[in-house]
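Report on the following structure.
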2 protein chains.
Amino acid sequence: MQSVIKVNLPQTKYDIAIAPNILDRLGDRIKDLKLGKKVLLVSNPEIFNYYGETALKSLENAGFDVCAHLIPPGEIHKNLDSIQKIYDTALDNHLERSSTLVALGGGVVGDMTGFAAATWLRGVNFVQVPTSLLAMVDASVGGKTGVNHPRGKNLIGAFYQPRLVLIDPNVLQTLPPREFRAGMAEVIKYGIIWDADLFTELEKADRLDDLSSISQELLENILISSCQAKADVVSQDEKEGGLRAILNYGHTIGHAIESLTNYELLVHGEAVAIGMVAAGEIAQNLGMWSASETQRQDRLIQKAGLPTEIPANLKASDIIATLKTDKKVKAGKVRFILPEKIGKVIITDRVESEAIAAAISKVRSEEVAAI
Amino acid sequence: MQSVIKVNLPQTKYDIAIAPNILDRLGDRIKDLKLGKKVLLVSNPEIFNYYGETALKSLENAGFDVCAHLIPPGEIHKNLDSIQKIYDTALDNHLERSSTLVALGGGVVGDMTGFAAATWLRGVNFVQVPTSLLAMVDASVGGKTGVNHPRGKNLIGAFYQPRLVLIDPNVLQTLPPREFRAGMAEVIKYGIIWDADLFTELEKADRLDDLSSISQELLENILISSCQAKADVVSQDEKEGGLRAILNYGHTIGHAIESLTNYELLVHGEAVAIGMVAAGEIAQNLGMWSASETQRQDRLIQKAGLPTEIPANLKASDIIATLKTDKKVKAGKVRFILPEKIGKVIITDRVESEAIAAAISKVRSEEVAAI
């Protein structure tokens, strides 16, 4: 079985192909695109250790002239120095404009490979092979690429679309459990912002916190529905002019919490989970959505084994001050995504600081977290 | 008098506004675009010394919140380190996505500011105020931005369109005469590749090698016709898929000569001038265009005070080897732009090395140049 989601953008279109063991067909799928002969595979040592050989063999069997570049693991290497090293490998291997950079890895590998592809020779071809749940349902679709500035995450980057996204659910078997749960936060997000059926399907599952207890069918549905939701949104708004902002549901306060805890206490999906709880609380206080929907959302987040409380040592005033430094701030106004009902959110910059502070203190843990 | 050339691209459109003293109206023109309040002006110390105050005052009078960043002069600073410093200034001054980077300077300032604009926060607004003839007629129009890799020019970059290009012919008065002549090489190029009327108008002029002996009217016509030619070509092919390649007339061999002389002996326009002579020679040998047209082209290049001979110490074999490392090489084939008649060129990858070598030895100087 193979599912294909079509992403249609004004200047380009591409497929998201989802199927178990599709990694074996990476070479053939790229060959179908009729790109140049040279492929540079970018990965990190751990992922490459698991899947590098399969990917390289598939590319070589399809007739590509292949080279590989490994990025040291971790967000700390998501910077321009690492990009320069990708450029060096591209130059050493005489990549041309018709050549292709393939990202085999999670969000960090995808974001960096995409940025290198966007900027080498003013743009070479780019293919995403995400290996984490977060990258599969979020980072690999939509064309956001970039690296961190020493003083802020993802401040440097470009919108640059892949030519193909290849999702092999089987590679999730080597994903650390905490990373799996973190990815589930984004899946739940799609349920709230776009796809009420997905939300209901997730509610019906016995467990969501552990890959091995999720059926192959549910997993594939999760991947398909999430990618379809993201593709729908991105197709309508490629560069975050309007609608695309809804993808940031849970991210406004989530980012602030991540930043204030130095990205050490929580992984991204965990912060988003807490951010969704806080956004739900704000929406409920404003009378926009019901207490029962807040409860349904929060229960699902808990079922995925995700945190729902803001660490107790974070002050509301610090969180609010951090919100105002977000790169999506317009004329100093913080933009919130708030739910109206399950499956529908609105974008607003009219949430007063008092309402934010009230929600934060409601959602905050009583215990002081160990940082 | 003010001339406006409209550049229409699939996803964006913008004006090239040409008028004496239009620099005084920079602020008002940006205000008309209804962008954010913050503007970061990027320049180099020399240009800023001449025109920085006028530009800043105009922006402040229009109500913008303005900051400035100076890049040290010269191609040697056209690298990612300098881009990082622009990012730092952008961050220090809290630029938002709606903010604008204004490039006040020649090609280096424009290319770098454009790349910083393309990649800061995944893209902020960008306005070009070119101050060299080369930047006015070529670099500032078309959306090519970028920096050098330690091992190659302009290997890192992005296609990113400005929101406005403002051309004030009066600022050419402070341009060094050699730079003026170098810009004239690109003007002559437009005559050959696109606009036979421009070519004839240039032929009628008494002199082309000195700004003070060119009438204000001719100068404005040169700017208008050249920008219109570039806008026409770029509108039909934004990202160098096909037609846009004709803009590289004279650049194939020109780039190789620049590279082999370490970018020290000749400025870019001089190398392009020699490259056009060589391309004309190839075309004539292939029977594609007449000896009289070759002569008309070469005479015009000489009238602009530009060189027409390949430095004697460069070997044909080295030039040909260098051609094959060009970033526009496709599957190892060198692409040439060759004239069919004045005002029309073709794109071909079917020029044999022997034909290139023959043209090179014909066009090469007998004297050994001092490097």
Run the quick spin-label model on B:V4 and B:A358: label points 7 Å from Cα toward the beta carbon, then report their separation in nm to one decimal.
5.2
Springs between alpha-carbon pairs under 10 angstrom, Gaussian network model over chain B: which of B:A118, B:A273, B:A358 fluctuates most?
B:A358
Where does the charge balance sit around B:L266 when Lys and Arg score +1, Asp and Glu -1, over other residues with C-beta under 13 Å from its C-beta?
-4
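Run the numbers for B:K324 and B:D349: contour at 0.36 nm per residue of separation, minus the present Cα-Cα distance, in nm.
Full-extension gain reported as 7.8 nm.
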Solvent-free Debye scattering, log10 I(q)/I(0), computed from the Cα coordinates of region B:51-187 at q = 0.14, 0.16 Å⁻¹:
-0.62, -0.81
Cα pair distances of region A:262-301 binned at 10 Å [whole percent]
32, 44, 20, 4
For a label point 7 angstrom out from the Cα of A:R299 toward its Cβ, which stretches of region A:197-213 have the backbone nitrogen within less than 15 Å?
A:199-208
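Strictly greater than 19 Å: what percent of every Cα pair in region B:115-230 meets that?
Values: 3354 of 6670 pairs.
Cα-Cα pairs of region B:115-230 separated by over 19 Å account for 50 percent.
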What is the antiparallel percent of DSSP beta bridges lying wholly in region A:1-118, to the nearest 5?
40
Just give me a number: lysine pairs in region A:3-174, eight or more positions apart or cross-chain, with C-alpha atoms less than 26 Å apart.
27
What are the principal axis extents of the Cα atoms in region B:176-270, in Å, biggest first?
35, 35, 18
Magnitude of the Cβ-charge dipole of the protein assembly as shown, K/R +1 and D/E -1, about the Cα centre, nearest 20 debye?
700
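To check you understand DSSP bridge types, tell me what percent of the beta bridges within the protein assembly as shown (both residues inside) are antiparallel, rounded to 5. Mind showing how you got there, number by number?
Working: 36 of 82 bridges.
The answer is about 45 percent antiparallel.
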For every other residue with a beta carbon closer than 14 angstrom to the beta carbon of B:E217, add +1 if it is Lys or Arg and -1 if Asp or Glu, then tell me the sum.
-2
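Would you mind telling me the antiparallel percentage of the DSSP bridges in chain B, rounded to 5?
On the way: 17 of 40 bridges.
Beta bridges within chain B, antiparallel portion: roughly 45 percent.
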Region B:132-189 and region A:34-69 have their Cα centres apart by a whole-number Å value of 38
Model label zone, B:D237; criterion: amide N under 19 Å from point 7 Å along Cα-to-beta-carbon; scope region B:258-286:
B:276, B:279-280, B:283
Given R₀ = 51 Å, FRET efficiency for B:E309-A:K34 by Cβ-Cβ distance, to 0.05?
0.75
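How much mean residue ellipticity at 222 nm does chain B get from its helices, if each DSSP H run of length 4 or more adds -39500 (n - 2.57) and you divide by all residues, to the nearest 500 deg cm²/dmol?
Details: 12 runs with 149 residues, N = 371.
Calculated from helices alone, the mean residue ellipticity at 222 nm is -12500 deg cm²/dmol.
Please report, in whole Å³, the volume per residue of the convex hull around the C-alpha atoms of chain A.
Details: hull volume 46.7 nm³, N = 371.
Value for chain A: 126 Å³ per residue.
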If you put a point 7 Å past Cα along the Cβ direction, how far is that point for A:S212 from the same point in each other copy, in nm, smallest first?
8.7
Checked region A:13-110 against the a/c 1.5 cut and the a/b vs b/c comparison, axes a ≥ b ≥ c from its Cα gyration tensor; verdict oblate
Are there trypsin sites (Lys or Arg not before Pro) in region B:198-299 that DSSP puts in a loop and that have at most 14 other Cβ atoms within 10 Å, and which ones?
B:R207
Region A:182-363: radius of gyration and largest Cα-Cα distance (Dmax), Å
15.5, 47
With the label 7 angstrom out along Cα to Cβ, how close does A:S365 come to the same site in each of the other copies, in nm, nearest first?
7.4
With no solvent and one point per C-alpha, what does the Debye sum give as log10 I(q)/I(0) for the protein assembly as shown at q = 0.12 Å⁻¹?
-1.30
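Every number here is computed from the coordinates shown, using simple stated rules; none is lab data. Please read all numbers here as calculations on a predicted model, not as lab measurements. Ideal geometry is used to build each Cβ from the backbone, glycine not excepted, and the neighbour counts take in all protein chains shown.
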